[in-house]
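The values are calculated or read from the model by the stated rules, or taken from the named source; none is laboratory data. Every value quoted in this text rests on a predicted model; they were computed, and no experiment measured them. With ideal geometry, Cβ positions are generated from the backbone for all residues, glycine too; neighbour counts draw on all protein chains shown. These area figures cover heavy atoms from the full protein model, side chains too; ligands, DNA and RNA do not enter into them. Shrake-Rupley method; radii C 1.70, N 1.55, O 1.52, S 1.80 Å.
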2 protein chains.
Amino acid sequence: MARTAAPGTRDTILTAAAGLFYEFGVRAVGMAQVVEAAGCGKNLLYKHFPSKADLAAAYLTLTRRERERTVAEVLRWPTDPTDRLLALVTEIADTVRRPGYRGCAFRNYLTEFPGETDEPARIAQSYLADSRAQMDRLVIGAGGDELLADRIWLVVNGLHSGTPTDAPVAVHWITEMVRPPGAP
Amino acid sequence: MARTAAPGTRDTILTAAAGLFYEFGVRAVGMAQVVEAAGCGKNLLYKHFPSKADLAAAYLTLTRRERERTVAEVLRWPTDPTDRLLALVTEIADTVRRPGYRGCAFRNYLTEFPGETDEPARIAQSYLADSRAQMDRLVIGAGGDELLADRIWLVVNGLHSGTPTDAPVAVHWITEMVRPPGAP
DNA sequence: GTCTATAATCCGATAGAC
DNA sequence: GTCTATCGGATTATAGAC
């Protein structure tokens, strides 16, 4: 056989692309920028990701995996259903407060490509649906009803497009909703 | 004699551009598409709007004017401060429910052009700040405090990136916040 | 309608492991 | 020497601008 492939090339490219896509938006970032940031040639990029849509899909999938890992970590310890719900809400609030936060990657993609039905759009939509379903399960598990789940989702949604100062307000509020002050 | 300029040309172009920009996003729509939709020549477009940023700025300004007109209409009759607040919230919920709604034009622009500081971005940011200040005044006027204003803004924010089914939940909830069930 | 820049994509050339 | 990962320029379409 011939030359051996450099290890981790795909990851290097994907990581570079993910950073750019999130910071500047998928549409605003050209393949040339990705090539430059990854420090590779164009051919190599197209070998691993045949089209920009493929690269965007991989970016969203990577982002989803990272979030799932973070959420799993946060839900690892608490066993009390209300604690679990609040752990997730607090994690979201922390994310939103982090420097460099530029909104939810999935909502951003759908805003950049409205009405799109390609693979990245499907990935974004299914992430949002699954994320909401998980939140619903946590709310129901904590003794809440459908209405409470709808309300909490509304606040979480608002958090994603708000300012960092909204985060503590949201956490405190949701805490109050699931643990009323006048209860044991 | 030279030909006299057709009246309302600027408006025709701007209306066509606004529809496209809102539906597909500013980045996704090319000047050629605007020309085609407006049914004018390219030179005429560039005579009225020297650059795409100018056209985008005009689009956002037009959108702002339309919203201000709608909001003024809705706030025309109610004199009771709580009624006024709820009138605005209901109007927003109705907007979000309307077919063809694709999110808030100003938030969408800022998502499409993150970190931008050009005129359209400034228009979008100042609209959002003014809109929030107006909401704050209505909440304070209705006897609410800063915390309530923060919460209502969070819900309104969430409404803008949610589904039509969130609208009645939000209206009912905010109504409950400003008119508690156990009060006169 | 034309012009130029830049987008996405493709291909001939290079180079390194067997 | 061969075979293939990789690179940088070539190609084509479309953008914004005049």
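May I ask you to derive the FRET efficiency for A:LEU62 and A:THR163 from their Cβ-Cβ distance with R0 = 35 Å, giving the value to the nearest 0.05?
Given R0 = 35 Å and the Cβ-Cβ separation, E is 0.85.
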### Query
So what is Rg over Rh here for segment A:52-178, counting just Cα atoms and using Kirkwood for Rh?
0.97
#### Entry: Per the axis that maps chain A onto chain B, nearest residue of A (Cβ criterion) and its distance in Å
A:GLY158, 2
#### Entry: Apportionment of accessible area to carbon and sulfur, segment B:1-50, percent (1.4 Å)
57 percent
### Query
Copy-to-copy spacing for A:ARG98, label 7 Å out on the Cα-to-C-beta vector, in nm, shortest first?
3.7
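How much length is gained if the chain between A:SER126 and A:THR90 is pulled fully straight, taking 0.36 nm per residue apart and subtracting their Cα-Cα distance, in nm to one decimal? Present the calculation step by step, with values, prior to reporting the outcome.
Numbers: separation 36, 0.36 × 36 = 12.96 nm, distance 2.27 nm.
Here the segment from A:SER126 to A:THR90 would lengthen by 10.7 nm.
Other chains' Cβ within 10 Å of B:129-142 residues: what's the mean? List each step's numbers first, then the result.
Working: counts 0, 0, 0, 1, 0, 0, 0, 0, 0, 0, 0, 0, 0, 0.
The per-residue average across the peptide is 0.
Keeping every protein chain present and rolling a 1.4 Å probe, give me the accessible area per residue for the protein assembly as shown in Å².
Working: 19130 Å² over 368 residues.
About 52 Å² of surface per residue is accessible.
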### Task
Please work out, to two decimal places, the log10 of the ratio I(q)/I(0) at q = 0.18 Å⁻¹ from a Debye calculation in which every Cα of segment B:1-50 carries one identical scatterer.
-0.53
### Message
Roughly how far apart, in whole Å, are the Cα centres of segment B:62-115 and segment A:38-84?
### Response
35 Å
### Task
Using just the helices of chain B, give the 222 nm mean residue ellipticity in deg cm²/dmol: DSSP H runs with n ≥ 4 each add -39,500 (n - 2.57), and the total is spread over all residues, rounded to 500.
-23000 deg cm²/dmol
### Query
What nm distance separates the two modelled labels at A:LEU147 and B:ASP83, each placed 7 Å from Cα along Cα→Cβ?
2.6 nm
### Message
Can you find, among B:PRO181, B:ALA170, B:THR79, the residue sitting farthest towards the positive end of the charge dipole of the protein assembly as shown, where Lys and Arg contribute +1 and Asp and Glu -1 at Cβ?
### Response
B:ALA170
#### Entry: chain B, relative contact order [Cα under 8 Å, separation at least 6], %
23 percent
### Task
Take the Cα of A:ARG69, step 7 Å along the line toward its Cβ, and report every residue of segment A:122-142 whose backbone nitrogen sits under 20 Å from that point.
A:124, A:127-128, A:131
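Average projected area of the Cα convex hull of the protein assembly as shown, in nm²? Please list the in-between numbers first.
On the way: hull surface 99.8 nm².
The orientation-averaged projected area of the Cα hull of the protein assembly as shown comes to 24.9 nm².
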## Note on the structure
Computed from the beta carbon distance with a Förster radius of 30 Å, FRET efficiency for B:ASP11 and B:ARG102 to the nearest 0.05 stands at 0.85
### Summary
Among residues of segment A:93-128, a drop of 40 Å² or more in 1.4 Å probe accessible area, assembly relative to the chain on its own, occurs for A:THR111, A:GLU112, A:PRO114
### Query
Taking the label point 7 Å from Cα in the Cβ direction, how far apart in nm is B:GLU119 from each other copy of itself, listed shortest first?
4.2
### Query
Straight-line reach from B:LYS42: which aspartates and glutamates have a Cα under 18 Å away, not including same-chain ones fewer than 8 places off?
B:ASP11, B:ASP54
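Interface A/B, total buried accessible area with a 1.4 Å probe, nearest 100 Å²?
Values: alone 10770 and 10730 Å², together 19130 Å².
Its buried surface, counting both partners, is about 2400 Å².
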